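Encoded as structure tokens, the structure appears first; notes follow it.
The values are calculated or read from the model by the stated rules, or taken from the named source; none is laboratory data. Computed from a predicted structure; not experimentally measured. Note: ideal-geometry Cβ built from the backbone for every residue, glycine included; neighbour counts use all protein chains shown.
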Amino acid sequence: MVLLDGKKTSSDLKDEIAIAVKQLKADGKKTPHLAAILVGTDGASMTYVNSKVKACELVGFNSTLIDLPESTSEEQLLHEIELLNNDTDIDGFIVQLPLPKHIDEQKVLMAVNPDKDVDGFHPVNVGKMALDLPTFLPATPYGILELLERYKVETSGKNVVVIGRSHIVGRPMSILLSQKRSAGNATVTLVHSLTKDIKAFTLNADIIVAALGIPEFLTGDMVKDGVTIIDVGITRVDDATRPRGYRIAGDVHFESVSKKAGYITPVPGGVGPMTIAMLLKNTLLACERR
Ligand code: NAP
């Protein structure tokens with residue numbers, strides 16, 4: 001069994017990005033600048049945004065964190081987005097999700113200038129992605145493709161099962177893996193909460209991407225020998241033995257599945273770090289494009 005080490009791979013990627021940034025600076029070109037908007041004080045969101053800002057510093061990007069209170073109105077948030085759209089120093093920005101319930105997420109995502117949408121969530125970028133045109137790929141599926149490529153996991157002609165059809169992970173993952181591309185050309189089945197007998201699909205899969213948010217959903221009896229497992233899940237599970245009172249669990253029961261897997265991502269240290277690295281890669285791309 002080979003561990004698909006997202007921590008190491010993302011660190012290699014960040015080193016490569018840092019070299020590219022040094023070169024930009026040496027050539028007298030612009031330093032990439034990523035901004036992040038955070039609304040409210042959700043613990044997990046604050047952790048994610050802080051990791052993104054820290055990663056920017058590590059590779060030599062400029063970063064701006066716009067920290068807004070929970071009470072921020074939709075109108076105020078749209079105004080902040082407009083300021084970032086018009087700020088010529090900002091190459092790309094993200095609005096950390098989820099947003100407070102009184103704000104319409106779709107309206108907010110639509111307000112982001114597609115050329116600065118380094119999360120790849122704007123319908124224009126989703127459309128380009130679906131048509132295999134150059135765009136910003138959503139960071140999590142993009143990170144998974146990168147991991148599969150760097151570990152030379154064959155996807156062409158393979159049976160892939162993606163569990164979960166969210167707009168940010170499952171759906172784009174299923175599209176990308178089915179496209180004519182490296183880390184593509186797979187036969188993809190997308191399953192979800194209304195799928196009958198998921199096990200019948202997973203038992204026939206060469207590669208499984210689990211992105212449903214149910215801790216340890218995928219167990220050893222649901223997979224075949226030699227399967228490649230990509231575990232996207234991140235759920236805080238109460239654990240009194242841990243200093244923080246919780247542990248991070250993936251969607252895969254690692255102990256039983258890893259005994260049968262050819263390749264598997266750990267949680268933490270698999271897909272999570274890759275997501276941040278790909279956001280940086282998209283920001284570098286946004287800067288170079290301008
Ligand atoms: P989401 O928007 O909640 O979507 C979950 C998907 O799973 C839905 O399509 C849902 O089906 C499906 N599902 C729910 N229960 C199911 C079941 N019993 N059997 C089969 N499918 C089921 O979740 P998400 O945003 O994609 O996130 C999924 C997980 O990945 C979460 O743990 C999240 O924290 C994690 N995540 C990690 C990263 C990272 O960087 N590692 C990034 C993003 C998300 P329906 O559509 O039918 O409801």
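Here are a few things to note about the model shown:
For every residue, the table says whether it meets (1) of a type in the set (Val, Ile, Thr); (2) farther than 25 Å from residue 30 by Cα; (3) surrounded by 20 or more Cβ atoms within 10 Å (Cβ to Cβ).
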| position | (1), (2), (3) |
| --- | --- |
| 243 | no, yes, no |
| 248 | yes, yes, no |
| 251 | no, yes, yes |
| 255 | no, yes, no |
| 258 | no, yes, no |
| 266 | no, yes, no |
| 273 | no, yes, yes |
| 290 | no, no, no |
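- Test: residue in segment 69-91 that is in contact with a helix residue (DSSP H, G or I) (Cβ under 8 Å, 6 or more places away or on another chain), of a type outside the set (Lys, Arg) and in contact (Cβ under 8 Å) with a residue 60 or more places away in the chain: yes
- Sole residue being of a type in the set (Val, Ile, Thr) and surrounded by fewer than 14 Cβ atoms within 10 Å (Cβ to Cβ), chosen from 237, 188: 237
- Which listed residue is out of contact with any His (no Cβ under 6 Å at 6 or more places or on another chain) and under 22 Å from residue 137 (Cβ atoms), from 218, 279: 279
- Residue 54 being in a helix (DSSP H, G or I), closer than 21 Å to residue 96 by Cβ, of a type in the set (D, E, K, R) and in contact (Cβ under 8 Å) with a residue 60 or more places away in the chain: no
- Test: residue in segment 35-46 that is at pLDDT below 95 and of a type in the set (D, E, K, R): yes
- Within the option set 182, 178, being more than 9 Å from the ligand (Cβ to nearest atom), over 15 Å from the mean Cα position of the chain (by Cα) and free of Cβ contacts under 8 Å to residues at least 24 places away in the same chain holds for one residue only, 178.
- Residues of segment 249-271 classified as in contact with a strand residue (DSSP E or B) (Cβ under 7 Å, 6 or more places away or on another chain), more than 16 Å from the ligand (Cβ to nearest atom) and assigned to a loop (DSSP other than H, G, I, E, B), total: 2
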